[in-house]
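One structure is given below, encoded as C-alpha cells.
The values are calculated or read from the model by the stated rules, or taken from the named source; none is laboratory data. Being a predicted model, the structure only gives us computed values, none of them experimental. Methodologically, a virtual Cβ is constructed for each residue, glycine included, from the backbone with ideal geometry; neighbour enumeration extends over all protein chains shown. Just the protein is used for accessible areas: all its heavy atoms, side chains included, with ligands, DNA and RNA removed. Shrake-Rupley method; radii C 1.70, N 1.55, O 1.52, S 1.80 Å.
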Amino acid sequence: MCNAAEPPHPLLMKHLIPVSFSFTPNPSSNKSASTSSTTPSDEQTCICPSCQKELSNTTKLTLMKPCHHVICKTCTDKLVKPSSQCTVCDTTLAAKDIIDLVREGTGFASGGRAETSKTGVAFQG
C-alpha cells in the first residue's frame, strides 16, 4: 500500500517505471559515463548526463518516461522542455512523459502523514 499518495492506493508491478541513472566513469577505465541501470562501484556516483553535475538527495530530478533517463531539473527546464526531446537519446517526448521525481522526508515520517491516533488518556503512577 502506498500511503504517500492521496488517496492511498495499492502498489502494482504494472505501474512501476524503470529508471536509468548515469554514473561517473570508472576510475580504472577511460570510457565515458555509462547510462546503465546497474549498480555502480564504490568509486562511482550518479551524474546528470547533460551537465555532468553530481546528483545528490537535494538535487531535483526529472524522469523521461519513454527512455527511462534521469536528468537534473535545471537541464530539463533549459534543454528538454523547449525541444521536447531527451538530451541523452533524442527520443521525442510529450509533456506527460516528463515526470518530476519527488522525495518524501526521511523515509520514516510517511510523508508527514501521521498514522497514529489517541485513544485515551495515559496516567503516570
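One table, with the values for the structure above:
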read-out	value
Those residues of the stretch 4-25 which are open to solvent by 70 Å² or more (accessible area, probe 1.4 Å) and in contact (Cβ under 8 Å) with a residue 24 or more places away in the chain, in sequence order	PRO18
Filter result for THR62 (within 17 Å of ASP90 (Cβ to Cβ) and within 11 Å of the chain's Cα centre (by Cα))	yes
